[in-house]
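J.: Before I ask anything, here is the structure I am working with.
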Amino acid sequence: MLKEYKAGQIRNVAIIGHGGTGKSTLLDAMLVVGGKIDRVGDPAHGTLVSDFDEDEKKKTMSIRSAMGFVELDGVKINILDTPGTADFIGEARAAVQAAEAVILVVDSVDGVQIETEKAWRYLAENNIPRIIFVNKMDKERASFDKVMDAIKTGLKANIAALSIPGGEGEKAGGVVDLLHMKLETPKAGGKDVTVADVPADMKAKADAARSKLVEVAAEGDDALIEKFLEGEALTDDEITKGLKIQIAAAKVYPVVCGSSLSCIGVKNLLTMIKDFAPAPKMGAQYTGHEPDDASKEVTIQSGEDGSLVAVVWKTYIDQYAGRFNYLKVISGSMLPDSEVYNPNKRMKERTSKLFTMIGNKQEEVPKINAGDIGVVVKLDKTATGDTLCDVKKTVVLPLIDLPNPVFSYAIEVVNKAEVDKVGQFFTKVTEENPTLTYAYNAETAESVLSGMGEIQLGIVLNSLKEKNKIEVKTREPRVPYRETITKKADSMYRHKKQSGGHGQFGEVWIRMAPRQRGSGFEFKESIFGGAIPKQYIPGVEKGLVEALQEGVLGKFPVVDVEVELYDGKFHDVDSSELSFKIAARTAFKMGMEKGGPQLLEPVMDVHVYVDKEFMGDILSDVTSRRGKVLGMESGDDTGGSVSVIRAQIPLAEMLRYTIDLRGMTSGKATFEMKFSHYDPISGREAENVLAARKKLLEEEANK
């Protein structure tokens, strides 16, 4: 059993970067150097530690984050490997939020790419410390200096090289550790290194690089900068101290280099993580809320002595082994065979054994202390984003924030008898990955599967077909349009029905007026003199709320309307709440027809990250989609190659955008979007929407 580690002995790092930069092979290389595995796997043969899922082996790409760990000089380094493809960005974001630092992997030839820049923006916004690893230094045309320049200009990063290559391309073989001025060359299949003096032909370049490093380190502390300016040499310990301060504050980003396939520079990288990546901070303040009231804040403090608070950042469900919940303990300790509370699910759970992971292989641990990352197995309902806490001291800690889905399919089950099985399958899938959603949309009368892109949804649907033998049809989902009014209108309706015995009678007079966009529905009543008794007014409001479900243009829901009940009549015998509900419902429809009914469509906030060579094409395309450009950040402005276009575009124009954008840019662009607001739609677009709606309603009526 693995020994117990305290927070100061732990480093949590996430490996992120553009797809194809060698992140998963880097995890393997770190595990080789750490003595956990014998050799680096081959993605073509499905032997990488992190890509253990059958879908990953088939696609030869990571689609889920995975975990490994090594122990180095009394320090446990938890390593979270993440996918680099935009479709699986949720996996990467969750892992980053569970770590204290990031290893950003950059290709030695391709340099800074779109996902590199996107990742950097996210890390910068959240002030996350990072170490840059320039990988594949043994690749043809590899150039460390070129990549360093690209990082400085493309990412506007204040970087400091902690190592330089001992050779590039075919001559690659080791790295020069600039802190200790030693050449480290892999031996014993990469499990160890040979340490030698810097060769004479590299001494001048190494000395120059070290001088720059020392200058950067000196800026981290007033005493050090004073000593440096006075011309005194800084010791290795002083250099380390200055760099630690800068790196922890995310003011300086160290760069190391090597090759994950050949284990070049990997021992150096692990040493840098141990020495410079921040340990989990004890005493840090976190803001959560009470389980039953999100408006009531609860502040907790990270620490080993507090009550248990842990956050689940990943869930994996194996069809044989069951549910694996990957969690980060914020406060207290997670113990085996103990009762914990899940406030998100309002239920108690019982832990069994606790583990850390190397890919899909479990290694038992005695407990998981504050600051550490581990795995709990076989909990009943706990999923990604949930909090686990002490039964007597409960809190919801919303630590994991994930991007919104950007691509959707409407799902139709071919065999209606399998509808329940499909629902169960998607429930499991969405528990594993919260960037996927599956729900029935009552407005559009369809079940919709949404995610981060066509690739992600394709893998899910292929699994449904091949592993579960269930056929479904997919199509573009319908857009949830709305209706409203544009002017004030008065309406009156009398509901009267006599059928022997007690009849039905209710008369309502209402005033309708448009409200500000997004403000919803408001009911007012100004009845006086008992024109309508108080006991019937709730019936009026119920009728109006029911009427909101169907407008008069295309039977879309009605929004942003104010209705005032100001007069009416009742009958001593025949009036009832039902009578007034019916009268109000009809009066509302009549008022809408007088109030200048208008169709509304959902509009999305869209951020497009695109190589600057395609900037003009994307701007033109946004306009063609009835979009409005709100601003842009050109790659020329930042010195990088990636531009960001901020726009608002109707959802109807975004249904195929994932596919269209890939086609327009040869895959050199990605985007994010979220709902913004509803806007009026008129003219030919409105006519087309209403014509399609009429056809759909007729088809459904004839079924």
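J.: Please report, in whole Å³, the volume per residue of the convex hull around the C-alpha atoms of segment 599-686. Can you show the working numbers first?
T.: Details: hull volume 7.5 nm³, N = 88.
Considering the Cα atoms of segment 599-686, their hull volume per residue is 85 Å³.
J.: Which order do the peptides 562-570, 348-356 take when ranked by the mean count of other beta-carbon atoms within 10 Å per residue, highest first? Mind dumping the intermediate values first?
T.: On the way: 562-570: 19.4, 348-356: 17.3.
The peptides rank, most packed first, as 562-570, 348-356.
J.: If I model a spin label at Gln285 and Asn158 as a point 7 Å from the Cα along the Cα→Cβ vector, what separation in nanometres do I get?
T.: So the label points at Gln285 and Asn158 sit 2.6 nm apart.
J.: Arrange the peptides 508-520, 680-692, 606-618 so that the one whose residues have, on average, the most other Cβ atoms within 10 Å appears first.
T.: Numbers: 508-520: 17.2, 680-692: 13.5, 606-618: 19.0.
Ranked by mean Cβ neighbours within 10 Å, highest first: 606-618, 508-520, 680-692.
J.: Here is a further query. Whole angstrom only: what separates the Cα centroid of segment 147-167 from the Cα centroid of segment 233-308?
T.: One Cα centre to the other: 21 Å.
J.: May I pose another question? Within segment 580-597, list the residues whose amide N lies under 20 Å from a label point set 7 Å along Cα→Cβ of Asp490.
T.: Residues 583-597 fall inside that zone.
J.: Count neighbours as other Cβ atoms within 10 Å of each site's Cβ, and list the GluC sites (Glu not before Pro) in segment 95-171 that are DSSP loop with at most 12 such neighbours. Could the numbers behind the result be given before it?
T.: Working: sites: Glu100, Glu115, Glu117, Glu125, Glu140, Glu168, Glu170; in loops: Glu100, Glu140, Glu168.
Passing both the DSSP loop test and the Cβ count: Glu140.
J.: Using the Karplus curve 6.51 cos²θ - 1.76 cosθ + 1.60 with θ = phi - 60°, work out ³J(HN,Hα) for each residue of segment 259-273 in order, rounded to whole Hz, and write x for Gly and Pro.
T.: 9, 5, 5, 9, 6, 6, x, 6, 4, 4, 4, 4, 5, 5, 5
J.: What's the magnitude of the charge dipole for the chain around its Cα centre, counting Lys and Arg as +1 and Asp and Glu as -1 at the beta-carbon? Answer in Debye, nearest 20.
T.: Working: 92 positive and 105 negative charges, 344 e Å.
Computed about the Cα centre, the dipole is about 1640 debye.
J.: Could you check the simple spin-label distance between Arg517 and Asp145, using points 7 Å along Cα→Cβ, in nm with one decimal?
T.: 5.5
J.: What's the local net charge at Arg141, with K and R +1, D and E -1, over the other residues with C-beta under 13 Å away? Walk me through the numbers before you get to the answer.
T.: Details: positive: Lys136, Lys139, Lys146, Lys171; negative: Asp107, Asp110, Asp138, Glu140, Asp145, Glu168, Glu170.
With Lys, Arg at +1 and Asp, Glu at -1, the neighbours total -3.
J.: To continue, here is another question. Would you mind computing the Rg to Rh ratio of segment 486-596 from its alpha-carbon coordinates, Kirkwood style for Rh?
T.: Details: Rg = 13.7 Å, Rh = 13.9 Å.
That ratio equals 0.99.
J.: Another question about this same structure. How big is the charge dipole of segment 486-596 about its Cα centre, in debye rounded to the nearest 20, if each Lys and Arg gets +1 on its Cβ and each Asp and Glu gets -1 on its Cβ? Please report the intermediate quantities before stating the final value.
T.: Numbers: 17 positive and 15 negative charges, 56 e Å.
Magnitude of the dipole: close to 260 debye.
J.: OK, next. Please list, in order, the residues from segment 147-170 whose amide nitrogen is less than 19 Å from a point placed 7 Å along the Cα→Cβ vector of Lys212.
T.: Zone members listed by number: 147-169.
J.: Using 0.36 nm per residue of separation minus the Cα-Cα distance, give me the extension gain between Asp567 and Asp237 in nm, one decimal. If you can, show how the numbers build up before the last one.
T.: On the way: separation 330, 0.36 × 330 = 118.80 nm, distance 8.42 nm.
Extra length available between Asp567 and Asp237 comes to 110.4 nm.
J.: With contacts defined as alpha carbon pairs under 8 Å and 6 or more residues apart, what's the relative contact order of segment 1-104 in percent? Kindly include the intermediate steps, with their values, before the conclusion.
T.: Working: 184 pairs, mean separation 37.7, N = 104.
Relative CO of segment 1-104 lands at 36 percent.
J.: Which FRET efficiency value, to the nearest 0.05, do you get for Asn126 and Phe528 by plugging their Cβ-Cβ distance into 1/(1 + (r/R0)^6) with R0 = 41 Å? Please report the intermediate quantities before stating the final value.
T.: Numbers: r = 57 Å, r/R0 = 1.40.
Approximately 0.10, to the nearest 0.05.
J.: Hey, could you pull the Cα Rg and Dmax for segment 8-276, both in Å?
T.: Just the Cα atoms of segment 8-276 yield Rg and Dmax of 17.6, 61 Å.
J.: Continuing with the same structure: 7 Å from Cα along Cα→Cβ at both Lys497 and Met181: what's the point-to-point distance in nm?
T.: 9.7
J.: Express as a percent, rounded to the nearest 5, the fraction of DSSP beta bridges in segment 8-276 (both residues included) that run antiparallel. Could the numbers behind the result be given before it?
T.: Details: 21 of 44 bridges.
Taking every DSSP beta bridge with both residues in segment 8-276, the antiparallel ones total about 50 percent.
J.: As I understand it, the dipole of segment 529-673 uses +1 on the Cβ of Lys and Arg and -1 on the Cβ of Asp and Glu, about the Cα centre. Which of Phe671, Met604, Ile582 lies farthest toward its positive end?
T.: Ile582
J.: List the relative contact order of segment 81-169 as a percent without decimals, with contacts defined as Cα pairs under 8 Å and 6+ residues apart. Kindly include the intermediate steps, with their values, before the conclusion.
T.: Working: 95 pairs, mean separation 25.6, N = 89.
RCO, segment 81-169: 29 percent.
J.: Could you give me D for segment 410-473, from Stokes-Einstein at 25 °C and 0.890 mPa s, where the hydrodynamic radius is the Kirkwood radius over C-alpha pairs? Units µm² s⁻¹, please.
T.: Estimated via Stokes-Einstein, D reaches 206 µm²/s.
J.: When the Kirkwood hydrodynamic radius is evaluated over all pairs of different C-alpha atoms of segment 251-336, what value in angstrom, to one decimal, is obtained? Walk me through the intermediate numbers first.
T.: On the way: mean 1/r = 0.0597 Å⁻¹.
Final number for the Kirkwood radius of segment 251-336 is 16.7 Å.
J.: So what are the ³J(HN,Hα) numbers for segment 161-168, from phi and the Karplus equation (6.51, -1.76, 1.60; θ = phi - 60°), rounded to whole Hz, Gly and Pro as x?
T.: Once rounded to whole Hz, the list reads 6, 9, 8, 10, x, x, x, 10.
J.: Rounded to the nearest 5, what is the percent of antiparallel bridges among the DSSP beta bridges in segment 2-139?
T.: Numbers: 8 of 25 bridges.
Antiparallel bridges make up about 30 percent of those DSSP assigns within segment 2-139.
J.: With runs of 4+ DSSP H residues as the only contributors, calculate the mean residue ellipticity of the chain at 222 nm using -39,500 (n - 2.57) per run, divided by the residue total and rounded to the nearest 500. Each step should come with its number before you reach the end.
T.: Values: 17 runs with 201 residues, N = 703.
Value at 222 nm, helices only, nearest 500: -9000 deg cm²/dmol.
J.: Please give me the summed charge of the neighbours of Lys3: other residues whose Cβ is under 13 Å from its Cβ, Lys and Arg +1, Asp and Glu -1.
T.: Numbers: positive: Lys6, Lys76, Lys367; negative: Glu4, Glu71, Glu363, Glu364, Asp372.
So the surrounding residues net to -2.
J.: Next up: Please go through the residue pairs Lys378/Lys428; Lys23/Lys59; Lys488/Lys589; Lys314/Lys469; Lys57/Lys139; Lys146/Lys212 and name each one whose alpha carbons sit more than 19 Å apart in this structure.
T.: Details: Lys378/Lys428 14 Å; Lys23/Lys59 16 Å; Lys488/Lys589 14 Å; Lys314/Lys469 27 Å; Lys57/Lys139 24 Å; Lys146/Lys212 17 Å.
Violating the 19 Å limit, Cα to Cα: Lys314/Lys469; Lys57/Lys139.
J.: If you stretched the chain out fully between Asn404 and Asp197, how much longer would it get, using 0.36 nm times the residue separation minus the C-alpha to C-alpha distance?
T.: On the way: separation 207, 0.36 × 207 = 74.52 nm, distance 5.16 nm.
Once the chain is fully extended between Asn404 and Asp197, it gains 69.4 nm.
J.: For segment 8-276, what relative contact order do you get, as a whole percent, if you take Cα pairs closer than 8 Å and at least 6 residues apart? All intermediate terms of the calculation are to be shown ahead of the outcome.
T.: On the way: 572 pairs, mean separation 55.8, N = 269.
Once divided by the residue count of segment 8-276, the mean separation gives 21 percent.
J.: For segment 494-554, what class follows from the C-alpha gyration tensor (a ≥ b ≥ c being the square roots of its eigenvalues): rounded when a/c is under 1.5, otherwise prolate if a/b is larger than b/c, else oblate?
T.: On the way: a/c = 2.76, a/b = 1.55, b/c = 1.78.
Oblate, because a/c is 1.5 or more while a/b does not exceed b/c.
J.: Same structure, new question: Within the set Lys367/Lys392; Lys345/Lys392; Lys367/Lys393; Lys36/Lys76; Lys361/Lys465, which residue pairs have Cα atoms separated by over 18 Å?
T.: Values: Lys367/Lys392 20 Å; Lys345/Lys392 16 Å; Lys367/Lys393 20 Å; Lys36/Lys76 13 Å; Lys361/Lys465 28 Å.
Listed pairs above 18 Å: Lys367/Lys392; Lys367/Lys393; Lys361/Lys465.
J.: Then there's this: Which aspartates and glutamates have a Cα less than 15 Å from the Cα of Lys3, not counting those fewer than 8 places away in the same chain?
T.: Glu71, Asp73, Glu363, Glu364, Asp372
J.: Summing +1 for each Lys or Arg and -1 for each Asp or Glu, what net charge is found among the other residues whose Cβ lies under 15 Å from the Cβ of Asp617?
T.: On the way: positive: Lys612, Arg625, Arg662, Lys668; negative: Asp611, Glu613, Asp621, Asp660.
Once positives and negatives cancel, what remains is 0.
J.: Now for a separate question. Going by Cα centres, segment 371-430 and segment 445-464 are how many Å apart?
T.: Taking the Cα centre of each part, segment 371-430 and segment 445-464 sit 15 Å apart.
J.: Need the C-alpha centroid separation for segment 176-204 versus segment 91-130, integer Å.
T.: 28
J.: Rounded, prolate or oblate, given the Cα gyration tensor of segment 134-221, with a/c below 1.5 counting as rounded?
T.: Note, shape of segment 134-221 comes out oblate.
J.: Nearest 0.05, what FRET efficiency do Val109 and Lys628 give at R0 = 56 Å with Cβ-Cβ as r?
T.: Details: r = 39 Å, r/R0 = 0.69.
Taking R0 as 56 Å, the efficiency between Val109 and Lys628 is 0.90.
J.: Taking every pair of Cα atoms in the chain, average 1/r, invert it to obtain the Kirkwood radius, and report Rg/Rh to two decimals.
T.: Values: Rg = 30.6 Å, Rh = 28.8 Å.
Across the chain, the Cα-based Rg/Rh ratio is 1.06.
J.: Pick out, from Pro650, Ala223, Asn268, the residue whose Cα sits farthest towards the positive end of the charge dipole of the chain, with +1 on the Cβ of Lys and Arg and -1 on the Cβ of Asp and Glu.
T.: Pro650
J.: Just to be sure I follow: if Rg is taken over the C-alpha atoms of segment 285-389 and Rh is the Kirkwood radius over the same atoms, what is Rg/Rh?
T.: Taking Rh as the inverse mean 1/r over Cα pairs, Rg/Rh reads 0.96.
All of the numbers you see were taken from the coordinates with simple rules; none came from a lab. Because the structure is predicted, anything quoted here is derived from the model rather than measured. Please note: Cβ atoms are built from the backbone with ideal geometry, for glycine as well, and neighbour counts cover all protein chains shown.
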